[in-house]
C-alpha cells in the first residue's frame, strides 16, 4: 500500500508533493501540441487554488502541505478542518472570487487585442466554468464549504457536516445522472463523467471523516474557550431518556451549552453543562442517557 502511495505523490521537500500524472500530462501536452490549452487550464485552476491557500494563510489557518495534482494544486489543512466557520466561508469564497477576477481580466484583454484571441476566449470560458462548478452547494466543492460554514454558525461543525452529507447527494447525483444521460444520447463526455466520479469519491471520503472531525472538534473546543474571555451560551432541554451521545452533534467551537434535563411531566430534574456531558461520555460510557449524567 505504501508503494502505491509513493507512486501517487512524489515528495519535493518537506511540504510539497507532485503527482506523476501531472508530469505525464505536461510532457504529453508539449509532445502533442496542445500545451497552450493545458497551460491555460492548469493556470486557471492554479490561480483558483492559490486564492484558497493565500486566504487561509492570511487568516492564520495552518497548511501542512501542498500537493501539485494533474488539475491544480491542493492545500492540506494542518488541523484537518477549519474551526472558525467565518474563516471557512472566506477561504471557500476566495477561489470563485479570484476566478471571477481572472475572467474579467481576460475579457478586458480580449477586447483590446486580436492576438491570442482563441486562447483568451478559452481562458474566459475555463474560469467561468470553475465558478459555476465550484459554487454547486455540495461537498467538497466551494459552494458546499460556504453552505456548511453558514449552517455551522448556529448548529456546530459536526451537525453541519451531517446536514451537508445529505444535501450534497442531490446535486452530485444530478451530475452523475446527467453524465450517464449524455453518454447515452450524445457524444461521449469524459469530462462530466470524471467530475461526477471525483465528487462521489470525495463525498464518500468526507462521510468517513465525520467521526474524526467530531473528535477533533471536541479536543480543540476547550482550547477555543480558554483563548476567549467570553463566549455565547446556548441553553437547551432534553428528556432524561435521550442518549447523551446525541449532544455531540450540537457541539460547536464557539458556544457553551447548558442543558436542562426534564422528566415525563416536563419538570426540570437537573441541569448539566457540556463539560459534564463530555467528561461522562469519555470516562464512563458513550451509551449514557441524559438522566444518567
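At a glance:
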item: Number of positions in the range 47-79 that are outside any loop (DSSP other than H, G, I, E, B) and either modelled with pLDDT under 85 or touching a helix residue (DSSP H, G or I) at 6+ places or on another chain (Cβ under 8 Å) (or both); result: 22
item: Any hit, the range 163-173, residues being crowded, with 17+ Cβ neighbours inside 10 Å, touching a residue at least 12 places away in the same chain (Cβ under 8 Å) and under 21 Å from residue 55 (Cβ atoms); result: yes
item: Residue 98 vs. criteria surrounded by fewer than 22 Cβ atoms within 10 Å (Cβ to Cβ) and modelled with pLDDT of 90 or more; result: no
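The values are calculated or read from the model by the stated rules, or taken from the named source; none is laboratory data. Quantities reported herein were computed from a predicted structural model and do not represent experimental measurements. Every residue, glycine among them, receives a Cβ derived from its backbone with ideal geometry; neighbour counts consider all protein chains shown.
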